[in-house]
Amino acid sequence: MRVYVPLTLSGLAEAYQAGELGPAPLDAYAVTPALREWYVSDDIEELEYAALSRAAQASLRRLAVDPQAARRRVVVALDVADGAAVADPDRGLDHSALGEVRIGSAVPLAKAAAVHIDSRDAEEDVAAAADALGAADLGDDDAQFVVDGAEDHELMWYATQEIPNLIG
């Protein structure tokens with residue numbers, strides 16, 4: 001099963017140093033039944049992109065609470081055993097929890113399939129979005145417009161062998 005773990009660049013550096021993503025439990029995003037139902041699609045690539053996008057939103061939330069972190073969203077794509085990532089059945093219909101899963105143990109970084117990171121040209125928009133997130137959550141339409149601006153930037157794909165260059 002492919003899961004998407006939201007991080008920051010400093011979180012990626014910690015995972016690289018430790019050789020694993022942890023400690024458990026890990027919050028991640030995947031193609032869950034609720035996500036499938038919400039997006040009404042059978043195209044697995046579309047659904048995985050939706051899960052990746054949800055993880056990018058969660059990464060932005062991590063940036064919002066860590067003013068020292070570089071203003072770039074980071075998502076690690078991992079392959080875990082079926083059943084290792086579990087969705088909370090009580091939150092299945094909660095729009096804010098779409099695709100959310102929990103992994104009960106640390107995962108070796110060797111299981112990572114790829115890393116997705118904002119390019120440097122997205123930093124200004126991502127910084128503004130992180131700053132506006134609280135107001136957007138409270139219903140401020142102007143702040144939501146700023147947050148949506150970060151989503152206009154596609155995350156770049158990197159092979160796991162490139163992690164040392166990304167965190168250096």
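The values are calculated or read from the model by the stated rules, or taken from the named source; none is laboratory data. Since we're looking at a predicted model, the values are computed, not measured. We place every Cβ from the backbone using ideal geometry, glycine too, and count neighbours over all the protein chains shown. Just the protein is used for accessible areas: all its heavy atoms, side chains included, with ligands, DNA and RNA removed. Shrake-Rupley method; radii C 1.70, N 1.55, O 1.52, S 1.80 Å.
Using a 1.4 angstrom probe on the protein heavy atoms only, line up ARG102, ARG91 by accessible area, largest first.
ARG102, ARG91
Taking PRO33, PRO25, PRO89 in turn, the Gaussian network model of the chain (Cα-Cα springs below 10 Å) assigns the largest fluctuation to PRO89.
Taking 25 Å as R0, compute the FRET efficiency from the Cβ-Cβ separation of TYR158 and GLU45 and round it to 0.05. The calculated FRET efficiency here is 0.85.
Counting pairs of alpha carbon atoms under 8 Å apart in space and at least six apart in sequence, what relative contact order in percent does the chain give?
Details: 296 pairs, mean separation 49.1, N = 168.
Reported as a whole number, the value is 29 percent.
Report in % the part of the accessible area of the chain that belongs to carbon and sulfur, leaving out ligands and nucleic acids; probe 1.4 Å.
50
Average accessible surface for the chain: 54 Å² per residue, computed with a 1.4 Å probe over protein heavy atoms with every protein chain in place.
Can you give the calculated 222 nm mean residue ellipticity of the chain, where each DSSP H run of n ≥ 4 adds -39,500 (n - 2.57) and the sum is split over every residue, rounded to the nearest 500 deg cm²/dmol? Let's see the in-between values first.
Details: 6 runs with 69 residues, N = 168.
Per the formula, -12500 deg cm²/dmol.
For the residues ASP148, ASP137, ASP66, a GNM of the chain with alpha-carbon springs under 10 Å puts the largest fluctuation on ASP137. Accessible surface of VAL65, taken over heavy atoms with a 1.4 Å probe and every protein chain present, rounds to 120 Å².
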